[in-house]
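**Q** Quick one: this structure, given as structure tokens, is what I'll be asking you about.
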Amino acid sequence: MKLDIQNVSKKYSGKKYGLKDYSLSIEKGILGLLGPNGAGKSTLLKMIATISKPTNGAIHLNKNNIIKDPNYMHKQLGYLPQDFGVYPNLNAYEFLEYMAALKGIGGTQLKQRIALLLEGLNLTEVAKKPIGNYSGGMKQRIGIAQALLNHPKIVLFDEPTVGLDPEERVRFRNLISELANDCIVILSSHIVSDIDTIADEVAIMKDGQLLTKASQNTIVDSIKDKVYETTITKEAISGFSANHVILNTIRKKENIIVRYISEENPKDSKLCQATLEDAYLYLTKR
Amino acid sequence: MKKFIILLKSDYLQRTRSYPFLITLCISLAIAYTFIPPPDATYSTIRIGDYQGYYNSEWIGYVTAIMTSIFLSLVGFYLVNSGIKKDISSKIGQIIATTKISNFQYLLSKAIGNFLILSTIAFIIFIMSILLFFIYSTGYPFKILQFIIPYAVIVLPSLLFISVLAVFFEVFLGRIPVLQNILFFFLFSLILVNDNFGTKEFGWDIFGTRIILDQMEESVREISNIENTSGLSIGYALGNISKTKYFPFEGIHFPGSFLLSRLAWMGLGLFLLGFASIFFHRFKIKERFQPKKIENVLKTVIKSDINISKLPKIEKSFMVLPLIKTEFVLLVRSGHKWLWVLNIIGVLSLCFAPLSVAHQIILPILWFLQVSRWSSLVTKEKNFNTHFFTFASYRPLRRLLLSQVISGILLALLLATPLLVRYLILLDFAHITTILLGGVFIVSLAVVLGILSNGKKLFEIIFFMLTYTNINAIPFTDYYGGLHHHHAYLMAITIVSAFLLIVSYTIRSIELKKI
């Protein structure tokens with residue numbers, strides 16, 4: 001199983017690009033897509049899911065051009081969009097049966113598979129109630145269930161943890177880890193903690209372009225010995241931020257603890273252990 | 001005041017920059033073109049017995065104003081009756097609710113917004129009427145005032161009142177849009193009958209057309225020396241054109257009392273808005289969603305993880321039957337449950353009413369009650385944001401679109417079953433075929449207009465007009481065989497339906513390729 005994205009661009013009206021000359025290759029495992037809002041994460045996932053066509057470039061799954069043959073992708077795709085909706089008049093069973101029919105799957109075991117998915121996602125008790133009555137988190141879990149209906153070989157999760165409580169997030173991460181044993185999982189988020197514990201590789205994006213793609217360790221190592229912490233007064237913060245890439249600030253009464261990037265070894269500052277979040281902020285802010 | 005104008009401006013721009021508005025504008029323009037029949041046309045729009053006016057400024061100005069007043073009042077209501085609903089769905093309403101703007105100001109801004117939209121269309125029709133004068137006129141002088149006066153006195157107050165009525169209906173019946181549509185349908189029919197054939201008190205005439213029609217009748221009486229000029233017809237009438245005689249219509253001097261009555265209708269509109277503002281929900285709408293209750297249930301559940309590898313294997317299945325089933329369920333469940341009470345009454349009426357009444361009157365009304373269902377047949381994916389799933393599904397065009405069409409037709413035929421059975425008992429296969437084709441046609445129309453306009457409004461407006469003309473037994477619009485059952489008619493409906501379905505398939509296919 002191999003997904004190849006080659007020089008893909010998505011141009012909107014005028015000179016605006018959603019994605020620009022983007023290339024990426026992924027085999028089995030979890031790829032975490034990190035980037036601020038508007039970085040092009042959802043655009044990329046939509047193009048892989050074939051619900052948006054690139055202006056230029058090619059996308060191949062196992063050497064099959066999925067732009068020309070989207071049904072090849074549809075057969076093995078599990079996709080959770082960022083901003084999806086549901087039919088409020090259907091209950092969870094009915095909705096998932098409908099989704100299964102859309103995906104072209106069925107068989108005698110379909111009902112049991114749906115029941116187990118609903119049970120695993122803690123929705124059995126409400127499965128017979130109209131989805132219109134569900135909370136945001138419950139709808140999100142329905143979205144996850146539909147993505148797993150067809151035993152997908154490539155799974156795209158766009159901001160999947162929105163609306164999930166902390167316990168559900170942990171369960172979701174476990175689920176993804178298991179999924180990744182025999183398929184490609186691409187997980188997009190702008191929340192680093194959603195990604196750093198599970199992703200085999202991380203791709204950081206900004207303004208429609210790929211800034212870096214590597215293992216977490218490699219990315220973190222790129223800013224090793226550059227992350228510092230110091231305490232300054234509130235009045236000094238604006239002057240300080242003009243000269244440094246600030247990663248984080250914590251208010252402490254009259255002072256502010258500032259975590260920042262420095263290429264040199266500054267005085268009165270403490271060297272800190274770099275994290276993926278530091279690297280992400282450094283790459284997207286500079 | 002400045003904030004109010006900004007509110008109005010943004011509302012106006014947002015609504016006029018939409019694709020459905022442009023389509024409605026184009027259709028209005030096409031319809032306006034027919035308000036004044038070409039000299040060799042085989043139909044008339046306003047006719048008094050065998051008479052119609054010479055194509056001078058007065059005739060063209062007043063006739064197009066009358067037609068615009070009626071046409072835009074009818075269609076305009078459906079075009080603008082969801083302003084508040086849009087603010088609810090876009091969540092803008094919740095922001096507005098936290099501002100200083102009063103209920104009355106908000107509703108007034110909505111009413112004026114509606115009025116501006118309708119006035120824009122009226123203005124385009126006004127320009128078209130002047131063009132028609134220059135196209136058809138045979139040497140009569142161009143008098144701009146004979147165009148401006150009827151539009152200012154007749155059209156604008158009517159549109160303002162309809163704009164207010166749309167807001168008024170939305171405040172009280174906003175959660176039941178189907179009831180809004182049906183009530184307005186009957187209200188409009190009642191007003192039209194009363195205005196044109198009932199009261200002689202011009203002040204009670206909402207559309208302001210009666211006074212002009214009376215003047216036209218009077219002019220015909222003067223030249224024909226006939227006391228009783230019966231046979232006034234408004235709307236598209238076919239035939240009898242060869243006998244047409246012409247009379248010079250020279251416009252009308254509106255009496256002061258009539259002008260005051262037009263102002264009074266606008267005043268009544270303001271009063272209705274004030275009344276509605278007392279009851280306006282200000283976006284504190286009871287939510288259907290009850291998370292606490294459901295979440296409490298969830299806390300009692302023992303949670304288990306999904307073991308992906310142990311999930312039962314599934315098989316490939318490309319049958320469309322499950323899709324048809326769910327699409328049909330979605331159709332049946334959409335809208336309020338009590339609408340099914342009306343449907344059941346309609347179905348029972350089809351069982352027991354005289355056959356001709358059941359076919360000509362009850363069936364089109366019963367089908368019109370499904371307007372909201374059919375209009376969402378192919379637009380619900382975008383409305384409910386499920387298009388990410390459906391467009392990424394396996395062969396969405398061949399499987400999903402087909403199942404949507406079939407489920408829509410199934411609903412039409414299910415409702416018409418008693419009538420079909422009655423014709424079957426009589427072995428009247430011609431009528432059975434016309435009903436089957438009628439069901440196919442109306443669903444095809446819903447599908448093509450939904451895909452073309454990417455919204456529900458266009459089909460709702462056209463279906464409303466179709467139903468109105470069907471009940472008035474206008475042969476041209478009879479799609480379900482209430483009046484005809486000739487082979488040529490069956491062939492025409494079949495060809496049109498097939499054409500609509502091919503267009504739907506093609507456009508959706510292009511849509512899917514362009515995403």
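**Q** Could you say whether any residue in the stretch A:110-117 is within 8 Å of another protein chain (Cβ to nearest Cβ), without any contact (Cβ under 8 Å) to a residue 60 or more places away in the chain, over 22 Å from residue B:512 (Cβ atoms) and surrounded by fewer than 19 Cβ atoms within 10 Å (Cβ to Cβ)?
**A** So in the stretch A:110-117, the residues within 8 Å of another protein chain (Cβ to nearest Cβ) come out as A:110, A:112-113, A:116-117.
Those still in the list that are without any contact (Cβ under 8 Å) to a residue 60 or more places away in the chain too: A:110, A:112-113, A:116-117.
Add one more test, that the residue is over 22 Å from residue B:512 (Cβ atoms), and what stays is A:110, A:112-113, A:116-117.
Keeping just the survivors that are surrounded by fewer than 19 Cβ atoms within 10 Å (Cβ to Cβ) gives A:112.
Yes: the stretch A:110-117 contains one or more residues that are within 8 Å of another protein chain (Cβ to nearest Cβ), without any contact (Cβ under 8 Å) to a residue 60 or more places away in the chain, over 22 Å from residue B:512 (Cβ atoms) and surrounded by fewer than 19 Cβ atoms within 10 Å (Cβ to Cβ).
**Q** Of all residues in the stretch A:132-150 being more than 20 Å from the chain's Cα centre (by Cα) and surrounded by fewer than 21 Cβ atoms within 10 Å (Cβ to Cβ), which is farthest from residue A:25 (Cα to Cα)?
**A** A:133
**Q** Just checking: which of the helices (runs of 4 or more DSSP H) contained wholly in the stretch A:65-135 hold 2 or more residues that are hydrophobic (A, V, I, L, M, F, W, C) and in contact with a helix residue (DSSP H, G or I) (Cβ under 6 Å, 6 or more places away or on another chain)?
**A** Qualifying helices (runs of 4 or more DSSP H): A:92-103, A:110-120.
**Q** Identify, please: which residue in the stretch B:400-438 is within 14 Å of chain A (Cβ to nearest Cβ) and surrounded by 20 or more Cβ atoms within 10 Å (Cβ to Cβ) and is, among those, nearest to residue B:483 (Cα to Cα)? Spell out how you get there, then give the answer.
**A** First, pick out the residues of the stretch B:400-438 that are within 14 Å of chain A (Cβ to nearest Cβ): B:400-404, B:406-407.
Retained after the next criterion (residues that are surrounded by 20 or more Cβ atoms within 10 Å (Cβ to Cβ)): B:400-401, B:403-404, B:407.
Numbers: B:400: 34, B:401: 31, B:403: 30, B:404: 29, B:407: 26 Å.
Result: B:407.
**Q** Still on this structure, I have one more. Which of the residues that make up the stretch A:90-109 are more than 26 Å from the chain's Cα centre (by Cα), over 20 Å from residue B:333 (Cα atoms) and more than 7 Å from chain B (Cβ to nearest Cβ)?
**A** A:108
**Q** Please pick out the residue among B:169, B:147, B:186, B:207 that is in contact with a helix residue (DSSP H, G or I) (Cβ under 7 Å, 6 or more places away or on another chain) and under 30 Å from residue B:343 (Cα atoms).
**A** B:169
**Q** Can I ask one more? Return yes when residue B:250 is touching a helix residue (DSSP H, G or I) at 6+ places or on another chain (Cβ under 6 Å), under 20 Å from residue B:52 (Cα atoms) and modelled with pLDDT of 85 or more and no when it is not.
**A** In short, yes.
**Q** Same structure, new question: I need the full set of residues from the stretch B:38-65 which are in a loop (DSSP other than H, G, I, E, B) and of a type in the set (D, E, K, R), in order please.
**A** The initial filter retains those residues of the stretch B:38-65 that are in a loop (DSSP other than H, G, I, E, B), namely B:38-42, B:49-50, B:54-56.
Result: B:40, B:50.
Residue by residue, here is whether (1) within 28 Å of residue A:164 (Cα to Cα); (2) modelled with pLDDT of 55 or more; (3) more than 8 Å from every other protein chain (Cβ to nearest Cβ); (4) within 45 Å of the chain's Cα centre (by Cα) holds:
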position	(1), (2), (3), (4)
B:281	no, yes, yes, yes
B:285	yes, yes, yes, yes
B:288	yes, no, no, yes
B:296	yes, no, yes, yes
B:302	yes, no, yes, no
B:306	yes, yes, no, no
B:312	yes, yes, no, no
B:318	no, yes, no, yes
B:322	no, yes, no, yes
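**Q** Right, another one. Among the numbered criteria (1) in a loop (DSSP other than H, G, I, E, B); (2) out of contact with any strand residue (DSSP E or B) (no Cβ under 9 Å at 6 or more places or on another chain); (3) at pLDDT below 85, which one does residue B:241 miss?
**A** Result: residue B:241 passes all but (2).
**Q** Can you confirm whether residue A:135 is more than 17 Å from residue B:310 (Cα to Cα) and either among the charged types (D, E, K, R) or more than 8 Å from every other protein chain (Cβ to nearest Cβ) (or both)?
**A** no
**Q** Under the condition of being of a type in the set (Gly, Ala, Ser) and not in a helix (DSSP H, G or I), which residue from the stretch B:343-393 is farthest from the other protein chains (Cβ to nearest Cβ)? Even if it seems obvious, please write down each step before you answer.
**A** Of the residues in the stretch B:343-393, the ones of a type in the set (Gly, Ala, Ser) are B:346, B:349, B:353, B:356, B:358, B:372, B:375-376, B:392-393.
After this cut, where a residue has to be not in a helix (DSSP H, G or I) as well, the list is B:353, B:376, B:392-393.
Details: B:353: 31, B:376: 10, B:392: 5, B:393: 4 Å.
Once the filter is applied, the top-ranked residue is B:353.
**Q** Of everything in the stretch B:333-352, what is of a type in the set (A, V, I, L, M, F, W, C) and surrounded by fewer than 17 Cβ atoms within 10 Å (Cβ to Cβ)? Give them in sequence order.
**A** Across the stretch B:333-352, the qualifying residues are B:338, B:340, B:341, B:342, B:344, B:345, B:348, B:351, B:352.
**Q** If you scan the stretch A:156-169, which residues turn out to be within 10 Å of another protein chain (Cβ to nearest Cβ) and either within 18 Å of residue A:31 (Cα to Cα) or under 13 Å from the mean Cα position of the chain (by Cα) (or both)?
**A** A:156, A:158 - these are the residues of the stretch A:156-169 that are within 10 Å of another protein chain (Cβ to nearest Cβ) and either within 18 Å of residue A:31 (Cα to Cα) or under 13 Å from the mean Cα position of the chain (by Cα) (or both).
The values are calculated or read from the model by the stated rules, or taken from the named source; none is laboratory data. Keep in mind it's a predicted model, so treat the numbers as computed, not measured. We place every Cβ from the backbone using ideal geometry, glycine too, and count neighbours over all the protein chains shown.
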